[in-house]
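To start, the structure itself, in structure tokens.
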Amino acid sequence: MPDKDCLPTALYRAEQVRKMDRLAIEKYGLPGEVLMERAGQAAFDLLRERWPAARRILVLTGTGNNGGDGFVLARLALQAGLEPRALQLGDRERIRGDARTNAMRFAALSGDWQPCPDKLPEDGDVIVDAVLGTGLERHVEGRWARILGQVNAARTPVLSLDIPSGLHSDTGIILGTGVCADATISFIALKQGMFTADGPDCCGEIHFRSLEVPARVYASQILSARRLDWAHQRDLLRPRKRSAHKGNFGHLLVIGGERGYAGAARLCAEAALRTGTGLVSLATREEHSSAMLAGRPEIMVHGVHAAADLDPLLEQASVLALGPGLGRQSWGRAMWERALDMEIPLVMDADALNLLAQTPRVRQDWVLTPHPGEAARLLGRKVRDIHADRFAAAREIQQRYGGVVVLKGAGSLVVGQAHQPPAICTDGNPGMASGGMGDALTGVIAAWMAQGWQLREAAQLGVCLHGAAGDKAARAGERGMLASDLMSHLRRLANPDNE
């Protein structure tokens, strides 16, 4: 992905972007024809920049404005001496308005415009996806689905205009069949679905052009979500005072580590230390103590047998991390119930969330960090229902259980109170799909809470730092990445002056 500093942080739903488009045309005197020309020019410029040797350009066009952008690109390619072919999906007689004007301009130059064949040509250097735009609300089926499937099967690079065809702009799910592009250039405003669920896989490298729409157009809409990344979040950090001591940075108590799952609690505790917590205690099964101390002596490990053994530890803690390796048996449930009796801010993960699904409670002083399976249990749904609309699922969990919710996955969501737009983290990579990563994230979020950050801000800092550390670790390769590989990167990134 290009430098994320170049992408706006404001994200919108498709209907909002359509309103912006109409406002630019009707109130600020920007003709639709001009906007379409700018979109096609921007897309052509990106194509030439990214694939400078490409000459044979296959432009798949639909019958709407997305197709019109494609016709502008095809005309510019023809005028530049390249060999574009416009392959029409849908009846060309249905093309209207500015899209038809640009289709006719391409045809007037003797441009190659023909119905899309049942089998795509194999001699293209780049495929331009200008088939379906942001208004898609039903599944792509039949011939259209077969053609989009051929685009994905081809060994030809793909550039999608505005949004990949078949991807839902608001939820980020593929509606039946969706194009998986190498790059997507989005116009006027970024769409929230591009950054979560199937969006990252479909969009590839994301580029953005405002088309010189006046700033006042954006003021007409309240953003529907915000894009987060560590490049921006790290600016919130300040150097520590020279007079600081460990008591200034909180005392975190990690509760977890049932038999066979000690590593989860250890990863959580160490991640919290590497993120800057002053003191970290760990309450775990007694037989784990020696190994824990040998591996990381800075963690204050306490073997606990019964819930009452937690009491002196709870009295000292300023924040709790509850759940990594906790289990759902009698020991884990007893620890869970005792911890929740205390009014101490906490982060809940793993089996603590599964126990919460069985015994629902509402609190405003916790951060819940479910993956889609845990989210499904919290809501009594199927995992596919969570994936179908991650925004709605995260919001419903927050409304049902309170606090702040981090719905993990590609494009992790951070959802707080209803008046706050959800945030999407764009850091991270597929190498982080391995055991222990969620435990480390729990420790990172809890560490920021222990250092004095409010819940929502701590969650946002946490998901971005965790993702950025994963991206650093992935430089050695995504496959085989371990959660423990993040530890040294957490420390370096949490000290921006030393990066």
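Pick out, from the range 337-388, the helices (runs of 4 or more DSSP H) lying fully within it that include 3 or more residues that are open to solvent by less than 10 Å² (accessible area, probe 1.4 Å).
Filter on the range 337-388 gives 351-358, 372-379.
Do any helices (runs of 4 or more DSSP H) entirely within the range 164-237 hold 3 or more residues that are touching a strand residue (DSSP E or B) at 6+ places or on another chain (Cβ under 9 Å), and if so, which?
In the range 164-237, the matching helices (runs of 4 or more DSSP H) lie at 199-203.
Could you tell me whether the range 160-167 includes any residue that is polar (S, T, N, Q), open to solvent by less than 20 Å² (accessible area, probe 1.4 Å) and either closer than 23 Å to Asp182 by Cα or under 28 Å from the mean Cα position of the chain (by Cα) (or both)?
Yes - at least one qualifying residue is present in the range 160-167.
Of the residues that make up the range 6-15, is at least one out of contact with any Pro (no Cβ under 6 Å at 6 or more places or on another chain), farther than 27 Å from Asp125 by Cβ, in a loop (DSSP other than H, G, I, E, B) and among the hydroxyl-bearing types (Ser, Thr, Tyr)?
Within the range 6-15, one or more residues are out of contact with any Pro (no Cβ under 6 Å at 6 or more places or on another chain), farther than 27 Å from Asp125 by Cβ, in a loop (DSSP other than H, G, I, E, B) and among the hydroxyl-bearing types (Ser, Thr, Tyr).
Could you say which residue among His251, His288, His245 is farther than 16 Å from Ala350 by Cα and within 33 Å of the chain's Cα centre (by Cα)?
His251
Every residue in the range 72-98 that is without any contact (Cβ under 8 Å) to a residue 60 or more places away in the chain and hydrophobic (A, V, I, L, M, F, W, C), please.
Val72, Ala74, Leu76, Ala77, Leu78, Ala80, Leu82, Ala86, Leu87, Leu89, Ile95
Which condition does Val140 not pass, out of (1) surrounded by 24 or more Cβ atoms within 10 Å (Cβ to Cβ); (2) more than 21 Å from Arg227 (Cα to Cα); (3) out of contact with any Lys or Arg (no Cβ under 8 Å at 6 or more places or on another chain), if it passes all the others?
Of everything listed in (1) surrounded by 24 or more Cβ atoms within 10 Å (Cβ to Cβ); (2) more than 21 Å from Arg227 (Cα to Cα); (3) out of contact with any Lys or Arg (no Cβ under 8 Å at 6 or more places or on another chain), Val140 misses just condition (1).
Please work out if Asp129 is assigned to a strand (DSSP E or B), closer than 28 Å to Asp21 by Cα and not hydrophobic (A, V, I, L, M, F, W, C).
It is true that Asp129 is assigned to a strand (DSSP E or B), closer than 28 Å to Asp21 by Cα and not hydrophobic (A, V, I, L, M, F, W, C).
State which residue is nearest to the chain's Cα centre (by Cα) when the search covers only the range 201-239 and only residues that are open to solvent by less than 40 Å² (accessible area, probe 1.4 Å) and at positive phi.
Gly204
Would you point out which residue out of Pro324, Pro372, Pro360 is within 16 Å of Cys268 (Cα to Cα) and modelled with pLDDT of 95 or more?
Pro324
Anything in the range 99-132 that is touching a residue at least 60 places away in the same chain (Cβ under 8 Å), open to solvent by 50 Å² or more (accessible area, probe 1.4 Å) and within 28 Å of Cys203 (Cβ to Cβ)? List them, or say none.
Once the filter is applied, which keeps residues that are touching a residue at least 60 places away in the same chain (Cβ under 8 Å), open to solvent by 50 Å² or more (accessible area, probe 1.4 Å) and within 28 Å of Cys203 (Cβ to Cβ), the range 99-132 yields only Asp123.
The values are calculated or read from the model by the stated rules, or taken from the named source; none is laboratory data. Owing to the predicted nature of the structure, the values given are computational and were not obtained by experimental measurement. Reconstructed Cβ throughout: ideal geometry from the backbone, glycine too, with neighbour counts over all protein chains shown. When the accessible area is computed, the model is the full protein with side chains, heavy atoms only, and any ligands, DNA or RNA have been set aside. Shrake-Rupley method; radii C 1.70, N 1.55, O 1.52, S 1.80 Å.
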